[in-house]
Amino acid sequence: MTFSMQCLNKDCRKFTTPLLDEETDQVVCGDCFKEIPNITIHVKNQLRGSRQIKKKTKAAKAFAIQCKWCQSNDVPEAKNNKLYCTNCQKDMECPQAFVNLFNMKKAKAL
Ligand SMILES: [Zn+2]
Ligand SMILES: [Zn+2]
């Protein structure tokens with residue numbers, strides 16, 4: 001079961017699925033990625049239990065693209081020289097030049 005709550009950061013205030021940062025033991029908003037303060041240990045355990053964990057690779061976020069189908073802003077998955085949204089699994093129909101750039105940057109980062 002996915003745990004949801006309202007983000008307390010005033011610029012965001014979205015009803016979000018928060019993520020636990022295991023490195024810092026902080027809980028961050030799944031939309032703005034800012035810390036949500038005053039999270040109880042009970043909630044943190046719940047996040048851990050439902051694997052709502054912030055991905056450790058910070059660099060990967062640099063490749064995030066907004067999906068035109070579901071509006072999710074995430075790092076796409078490259079397959080057959082196309083980029084697929086990891087949220088809705090649709091072909092993001094990115095221009096080929098962008099796909100090449102993505103693959104090149106990704107290869108460098110790894
Ligand atoms: Zn937020
Ligand atoms: Zn999508």
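The smallest convex shape that holds all Cα atoms of segment 1-41, its convex hull, gives 70 Å³ per residue.
Between LYS90 and LYS10, what length comes free when the chain is fully extended (0.36 nm per residue of separation minus the Cα-Cα distance, one decimal in nm)?
Details: separation 80, 0.36 × 80 = 28.80 nm, distance 3.22 nm.
Fully extending the segment from LYS90 to LYS10 adds 25.6 nm.
Ordering LEU47, MET5, ASN80 by the projection of their Cα atoms onto the charge dipole of the chain, which places +1 on the Cβ of Lys and Arg and -1 on the Cβ of Asp and Glu, puts ASN80 at the extreme positive end. A Förster radius of 30 Å combined with the Cβ-Cβ distance from PHE3 to LEU101 puts the calculated FRET efficiency at roughly 0.25.
From the cross-link list LYS44/LYS108; LYS34/LYS108; LYS14/LYS68, which pairs have alpha carbons spaced over 30 Å apart? The pairs that break the limit, which is 30 Å between Cα atoms, are LYS44/LYS108. Sorted from longest to shortest, the spans of the Cα atoms of the chain along the three principal axes equal 46, 28, 27 Å.
Among LEU47, LEU8, what is the fewest-to-most ranking by other Cβ atoms within 10 Å?
Result, fewest neighbours first: LEU8, LEU47.
Every number in this text was worked out from the coordinates using simple rules, so none of it is lab data. Note that the coordinates shown come from a computational prediction; the quantities given were computed from them, not determined experimentally. Don't worry about glycine lacking a Cβ; one is built from the backbone with ideal geometry, like all the others, and counts go over all protein chains shown.
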